[in-house]
Structure formats: structure tokens, C-alpha cells
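Down below is the structure, laid out as C-alpha cells.
The values are calculated or read from the model by the stated rules, or taken from the named source; none is laboratory data. Predicted model only: the values in this text are computed from it and were never measured. Cβ coordinates were reconstructed from backbone atoms using ideal geometry, including for glycine residues, and neighbour counts include every protein chain displayed. We work out accessible area using only protein heavy atoms, side chains counted, and drop any ligands, DNA or RNA first. Shrake-Rupley method; radii C 1.70, N 1.55, O 1.52, S 1.80 Å.
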Amino acid sequence: MKKILLPALAVLTLSACEDPFNREGVGFTGIDGEPRTVSDVKGAVAFLPPETNIPAELAKLPTVQVTSDKAELEKIAGVAIDNGGRSDANSVQLTGSDTNLYLSNVSVNGQLFGVLRTENNSTKVDTSVGSAFGAQTERFTGCLPAGDVYRKGSSERSSGFAVPLNCR
């Protein structure tokens, strides 16, 4: 009998302060004062900046259409880099640490390329940017890469990169 009375007494004592059918609690209040909500006010503790969805922004832009008499994929990629977007009207601007890059979709003779280029041909970036672009093509464009990354420039510094895309 003691085994039943002791727990029942404990339950009744602890529930005497509150309605037993009211299951609302205080909830989790965070660890070490973490805010429970997010804030729209810049500089506030709970401020989260809006994330940029690059594939969605790129999908809103028109694909640059180009026709060329070249047939080799490497040459077509060069044409795509030359015609890649350099403004907000036909590209998504990606702000880097020291150079702004422009991401656009260019279709050359029906072959779609994701093009990442600098603002002008005189500005060059390290070729490691191209390899990172190739590795993250799906994240940037929303399409799978359908081949290698092609670059325009020297082996150390380039002004643009193109990756053939498979968006099916």
C-alpha cells in the first residue's frame, strides 16, 4: 500500500499548484540567454541576414543566346565566357573578397553553360576559383555539370570560367 500512496501523494502535491488538464508549459527558453525568435533589426542579437538563393535568382534571368560557327566544346566555352553577363539585367553578382564575379547562363549553339566571369577581361582571378566553381556547380546553378570547367586566361589567373550544364 505504501508503494502506491507515496507516488500518488507526490503527484498530488506537485500538481496542486496547477490545473492537471492544462498542459501548457513555459517551454524551452534557450541556453545561456539565446533568443527564442529571430529579429529583423540589423545589429540585434537574434538578427539573421536574408540568405541569397543563387539558383532562384539565376532562374529569373534570361539565358544569353549565342550562335557560333565553332564546333569544339572548348571553343564554344570560350564564346560562352565572352558573352557571359556583366550586369544585373543578365547575371547574378557574387561579391568576393576583392573581386566581384558575375554568374549567368549562356546557351551557345544549344549547349547551355554556367558562366562565372569578372566584370571585364582585364580583371583576373586565381584559377582556384574555377575549380571551386566546378565543384559547386549544382549549388550555384541548380544544374548538374555535364563536363569539365573551361577557363579564359593563363594557367594561373583567368577572367572567366564556363561549365557545360545538364539541367534535365
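All told, Y150 meets the bar of being under 24 Å from E72 (Cβ atoms) and in contact with a strand residue (DSSP E or B) (Cβ under 8 Å, 6 or more places away or on another chain). Scanning the stretch 89-125 for residues that are assigned to a loop (DSSP other than H, G, I, E, B) and either of a type in the set (G, A, S) or within 16 Å of T141 (Cα to Cα) (or both) turns up A89, N90, S91, G96, S97, G110, S122. Taking the criterion of being under 10 Å from I54 (Cβ atoms) and open to solvent by less than 60 Å² (accessible area, probe 1.4 Å), the residues of the stretch 136-153 that qualify are F140, T141, G142. Pairs meeting the criteria (first residue in the stretch 63-86 and in a helix (DSSP H, G or I), second residue open to solvent by 70 Å² or more (accessible area, probe 1.4 Å), beta carbons under 6 Å, at least 6 apart or on different chains) are I76/K70.
Within the stretch 67-86, the set of residues being surrounded by fewer than 17 Cβ atoms within 10 Å (Cβ to Cβ) and touching a Ser or Thr at 6+ places or on another chain (Cβ under 8 Å) comprises just one member, K75. For the stretch 140-151, indicate whether the set of residues that are of a type in the set (K, R) and either in contact with a helix residue (DSSP H, G or I) (Cβ under 9 Å, 6 or more places away or on another chain) or touching a residue at least 40 places away in the same chain (Cβ under 8 Å) (or both) is non-empty. Taking every residue of the stretch 140-151 in turn, at least one turns out to be of a type in the set (K, R) and either in contact with a helix residue (DSSP H, G or I) (Cβ under 9 Å, 6 or more places away or on another chain) or touching a residue at least 40 places away in the same chain (Cβ under 8 Å) (or both). Name the single residue, out of those in the stretch 87-100 being open to solvent by less than 80 Å² (accessible area, probe 1.4 Å) and under 17 Å from N53 (Cβ atoms), that is modelled with the lowest pLDDT. It comes out as L94.
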